[in-house]
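Below: one structure, written as structure tokens.
Taken together, the values in this text are just the output of simple stated rules run on the coordinates, not laboratory data. Just so it is clear, the structure is predicted and the values come from calculations on it, not from any experiment. With ideal geometry, Cβ positions are generated from the backbone for all residues, glycine too; neighbour counts draw on all protein chains shown.
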Amino acid sequence: MSDQFVARSLDEVRFWSRIMKEHSLFLRLGFRCEDTQLINEANHFYTVFEAIENRSNAFTAGTDPSVIKRFNEEVHAAVTYIWAFKRKVLGLILTCQLPGANNFPLLVDHVSREANYFRNRLAELNLGRLEPLPDAIIDENVFFLRIMAEHAKFISHLLDPSERKLVEQANNFSQEFDQLLFQAKNLEYMRPQSQTVPLLDQFLDQNKVSVKALRDFKKTARDLIEACRIKSIIHPLLADHVFREAEHFLVIIDMFESSLKSKHA
Ligand SMILES: [Fe+2]
Ligand SMILES: [Fe+2]
């Protein structure tokens, strides 16, 4: 257990516990007034992840790794519970038991996949078993490109239909990321032969250009929503949330790029 384990764990938990906390808020906002049980459950998860976030901020890089390992296990359990809650809500929506509620099924599925991703990261960190770099590059990109494609779809559907220019831009991003996702899947099916340094490097370059453009679009949308300059039913915090997830993906791409370079040198 090294210092790097502590730093990596704290980075992941700080980022994703805030995300889980916000998912609880978004789910709650989408429930109907009479769904008091679901509202209470969502509020409960908000408190749980707020506490985890606060604790993760109180730890430092110098904290004993064994303390962090136990903390990761605790967080892992909490994430498993919120994942099950999200899947339960998805089941209720898809069996038409929440008519008139305002959470899209794809959004609920999306936030459950993010929980599952977080859970896997925690398990990997605690086992000290990281995927080989060429596999990690493809798997992480497949995961995040799909997330980005869905964000574009959510933005398009939650903007007011009269915001025609912005809806069109969001739809263009949706198509662009669907294409990138298919390309990533093609690279995935062609592995291990596809895992050459030049191909992986080009893959990262190309994805990075598009993620930067989407990140900038989300930032603009967030600023416009905060300033009440556009018509939508997007919560300002949701706009900021998807912006932060794009930033996080860019950090991961940068990390892969430098690892590929140092491996190649
Ligand atoms: Fe999210
Ligand atoms: Fe997301």
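Side notes on the structure shown:
- For region 139-149, backbone phi angles converted through the Karplus equation (6.51, -1.76, 1.60; θ = phi - 60°) give residue-by-residue couplings of 5, 5, 5, 4, 4, 6, 5, 5, 4, 5, 4 Hz, Gly and Pro being listed as x.
- Estimated distance in nm for a label pair at A136 and V197, the labels positioned 7 Å out from Cα along Cα-to-Cβ: 1.7 nm
- Percent of C-alpha pairs per 10 Å bin in the chain, short distances first: 6, 27, 34, 25, 7, 1, 0.
- C-alpha center-to-center spacing [region 179-205, region 83-125] in angstrom: 28 Å
- Mean Cα-pair separation over length for region 153-219, i.e. relative contact order, pairs under 8 Å, 6 or more apart, %: 23 percent
- Within region 1-58, the GluC sites (Glu not before Pro) that combine a DSSP coil assignment with at most 15 other C-beta atoms in a 10 angstrom radius are E34.
- Kirkwood hydrodynamic radius computed over region 1-152 comes to 16.4 Å, based on all pairs of distinct alpha carbons.
- Cβ-derived FRET efficiency at R0 35 Å, N43 paired with K261, nearest 0.05: 0.15
- With θ taken as phi - 60° and the Karplus curve 6.51 cos²θ - 1.76 cosθ + 1.60 applied, the whole-hertz 3J(HN,Hα) list for region 193-200 is 4, 7, 8, 8, 4, x, 5, 5 Hz, x standing for glycine and proline.
- Of all lysines in the structure, those lying under 30 Å Cα to Cα from K263, and not within fewer than 8 positions of it along the same chain, are K69, K185, K208, K212.
- FRET efficiency, 1/(1 + (r/R0)^6) with R0 30 Å, evaluated for R164 and Q206 via beta carbons: 0.55
- Taking 0.692 mPa s as the viscosity and 37 °C as the temperature, the Stokes-Einstein diffusion coefficient of region 131-265 based on its alpha-carbon Kirkwood radius rounds to 211 µm²/s.
- Among the trypsin sites (Lys or Arg not before Pro) within region 113-147, those in coil by DSSP and having at most 12 neighbouring Cβ atoms inside 10 Å are R129.
- Around the amide H of S232, modelled in the peptide plane, lie the amide H atoms of D160, all under 5 Å away and 5 or more residues distant in sequence or on another chain.
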